[in-house]
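To keep things clear, I will list the structure first and then write my remarks on it.
Throughout, read-outs are computed from the coordinates displayed, never taken from laboratory work. Worth saying up front: this structure is predicted, and the values here are computed from it rather than measured. Heads up, the Cβs are rebuilt from the backbone with ideal geometry, glycines too, and the neighbour counts pull from every protein chain shown.
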Amino acid sequence: MTDLLDRPADQPAAPEPTVRVRRGRRFRQARVVVVTTILGAVAFALFVATMMIGSFPVSAWEVIASTFRLQDDPSIDFIVRDLRLPTAVTALAVGLALGMSGLIFQKLLGNPLASPDFVGISSGASMFAAVAIITFHASGLVVSGVALLGAVLSAGAIYLFAWRDGVTGYRFVLIGIGVSEFFVAITGYVIARAQVSDARAAMSWLVGSVGQAGATELRILLVSLAVLLPLSLLMGRQLGVIELGDDAAQGLGLRVQAARLGLLTVSVLLVALATAAAGPVAFVALIAGPIAVRLLRGQGSGLLAAAFVGAIIVLLADLVAAHALPAALPTGVVTGGIGAPYLIWLLATVNREGRGG
Amino acid sequence: MTSHDLRAEDLTLGYADVDIVSHLDVQVPDGRITVIVGANACGKSTLLRGLARLLKPRSGAVLLDGKAVQDLRSVDVAKVVGLLPQTPVAPDGITVADLVGRGRYPHQGFFRRWSPEDDAAVEAAMEATGTADLAERPISALSGGQRQRVWVAMALAQDTDLVLLDEPTTYLDITHQVELLDLLTDLNRAHGKTIVIVLHDLNLACRYADHLIAMKSGAIVREGAPQDIIDADLVSDVFGLSSDIVPDPVSGTPMVVPRGRHHVATPAL
């Protein structure tokens with residue numbers, strides 16, 4: 001190592017490592033593209049698969065032909081377009097949104113535990129939804145709208161509480177956890193005081209299921225995703241600088257507070273819309289990002305890959321929840337079952353590396 | 001290298017409601033190595049952050065080529081002044097080449113992502129710091145000394161005429177401290193970069209500084225060439241330490257030999 005410094009810096013560089021650096025970058029970029037494409041293909045395959053399985057099996061080609069209106073067959077169309085497509089599209093969209101927003105949160109706040117599940121965004125949505133269902137006997141679109149409002153309001157409250165000459169990731173996470181506990185407590189209180197039937201309706205919303213999205217919520221989610229996903233990808237470059245720490249990011253010329261607010265807004269909206277459509281599907285936002293980052297070996301922003309991993313998790317969970325078990329379960333139960341062991345592993349290993357915050 | 005004029009005029013900086021640096025005037029000598037020393041909490045890191053436009057002045061201004069940096073766009077400042085903070089964060093799993101590439105941020109637009117100039121800058125930075133052979137390694141697999149050279153490479157990839165470093169040797173053993181300071185001297189001599197370093201080690205500061213700034217309680221006590229300004233009185237004033245000053249047998253620059261309460265065999269010089 002020291003011998004490298006014996007060489008004066010003005011001596012012309014040997015061409016070999018230079019070429020290697022450029023070739024290395026091309027190779028890594030190609031790897032990112034390949035891995036991301038494969039993840040996208042797997043997500044699409046699962047999207048199709050969820051529509052093939054059921055009491056009336058449909059072939060993959062029939063699903064694709066009906067979904068993309070390549071040919072008309074009334075009986076197939078009824079099963080695919082009317083019965084199965086809404087759930088499959090919800091699972092796909094919710095997974096994309098949760099996967100991407102989870103990774104943005106984690107990178108932005110510099111903490112693998114900082115997923116919207118834990119920092120009070122999902123619990124804000126849950127509390128508002130529970131109150132709407134139990135106290136005001138709301139249902140359908142109203143609950144979704146109230147949940148969306150709850151997620152956005154709680155994110156805004158956390159941001160304001162965390163503000164002190166700007167917002168740091170660390171303070172946002174701690175205050176978010178506090179706010180989350182507050183909402184969980186209120187939700188528990190409201191449910192405990194409710195009639196059994198209301199409590200049951202609230203609980204089934206709170207577990208989260210891709211089957212519960214109505215047509216309007218789904219349309220809103222899809223239109224928003226069409227805007228927010230490309231926007232997030234464009235902001236991935238800012239995210240890649242912000243994750244070096246505030247000082248380094250500012251030194252590189254990033255306006256950190258503006259960039260953080262922009263990224264937080266986009267990711268909060270993604271979570272809020274997904275939660276409004278399907279309820280708080282647990283753990284997807286927590287696990288999708290780290291899986292994607294690991295598959296890409298830390299290259300690139302990983303945002304698109306994380307979105308695909310999120311979609312894969314939700315679609316898989318939906319397959320398992322709807323077909324693999326003796327009784328159909330909400331999606332959130334299955335994702336919770338996958339996520340809990342991961343969380344334990346994360347808590348056990350993260351603190352060993354001293355990065356638990 | 002274009003020559004630049006970075007100076008602070010009547011600069012007051014602080015956090016919350018405490019002033020850390022007050023009414024300070026300083027000029028960074030162009031094309032030289034400036035080292036800022038002082039006891040803990042004397043405001044030396046704060047001054048460095050202020051010079052890099054990380055803090056908004058309470059009073060006065062930091063002027064880059066005659067213009068207040070607060071009035072410049074942050075990316076424009078970042079094309080001229082680079083900063084390596086004390087504890088930058090390496091993202092999970094990131095490789096050396098990718099991290100060094102992040103230094104290109106101020107040169108890239110919202111849509112324009114990567115150009116041949118970016119490649120060339122990254123390669124030059126990795127060459128200069130001897131990290132080209134590590135390009136594909138994850139940061140987490142590197143030693144402390146290697147890691148610090150990678151961060152310096154990132155600051156170099158930013159391709160600024162001024163590079164500010166906040167205690168870059170803190171977590172390094174003595175071998176790697178010397179190695180890093182040698183590297184920074186190479187960059188200064190071969191590439192003409194103006195370098196400002198906050199350092200803890202007074203003797204290394206005296207050896208490597210063209211211009212030494214000694215700070216205490218948010219003010220500059222003395223500044224100039226180390227051999228012109230370092231004496232026992234200054235060390236006593238700035239660090240509250242009784243010491244003898246002898247010529248460094250290797251470099252001839254002043255060497256501070258502390259006199260503690262124990263193991264003192266000779267009377268004060």
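Quick rundown of the values:
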{"read-out": "Shielding by partners, peptide B:103-110 (average Cβ within 10 angstrom, other chains)", "value": "4"}
{"read-out": "Average beta carbon contacts from partner chains per residue of A:294-304, 10 Å cutoff", "value": "3"}
{"read-out": "Alpha-carbon spread of region A:26-352, three principal axes, descending order, Å", "value": "61, 59, 36"}
{"read-out": "Coil-residue trypsin sites (Lys or Arg not before Pro) of region A:139-214, DSSP, other Cβ within 10 Å capped at 15", "value": "A:ARG164, A:ARG193"}
{"read-out": "For residues of A:25-31, the mean tally of beta carbons on other chains within 10 Å", "value": "3"}
{"read-out": "Kyte-Doolittle mean at least 0.5, axial Cα span of 30 Å or more - DSSP H helices of chain A", "value": "A:15-52, A:85-109, A:141-162, A:169-192, A:215-242, A:256-278"}
{"read-out": "Length-normalised contact order of chain A in % [C-alpha pairs under 8 Å, at least 6 apart]", "value": "28"}
{"read-out": "Value of relative contact order over region B:109-250, rounded to a whole percent, pairs C-alpha under 8 Å and six or more apart", "value": "15"}
{"read-out": "Tilt relative to chain B, helix B:174-191 - C-alpha long axis, 0 to 90 degrees, to 10", "value": "60"}
{"read-out": "Counting all C-alpha pairs of chain B, share separated by more than 22 Å (%)", "value": "58"}
{"read-out": "Cleavage-rule hits, chymotrypsin sites (Phe, Trp or Tyr not before Pro), region A:25-131, DSSP coil, Cβ neighbours within 10 Å at most 14", "value": "A:PHE68"}
{"read-out": "Dimensions in Å of the protein assembly as shown - Rg and Dmax from alpha carbons", "value": "28.7, 104"}
{"read-out": "Given charges at beta-carbon only (K, R positive; D, E negative), |dipole| of chain A in Debye", "value": "680"}
{"read-out": "Among B:237-245, B:148-156, the order from most to least packed when residues are scored by Cβ within 10 Å on average", "value": "B:148-156, B:237-245"}
{"read-out": "Proximal lysine pairs, the protein assembly as shown, alpha carbons under 28 Å, eight or more residues apart or interchain", "value": "16"}
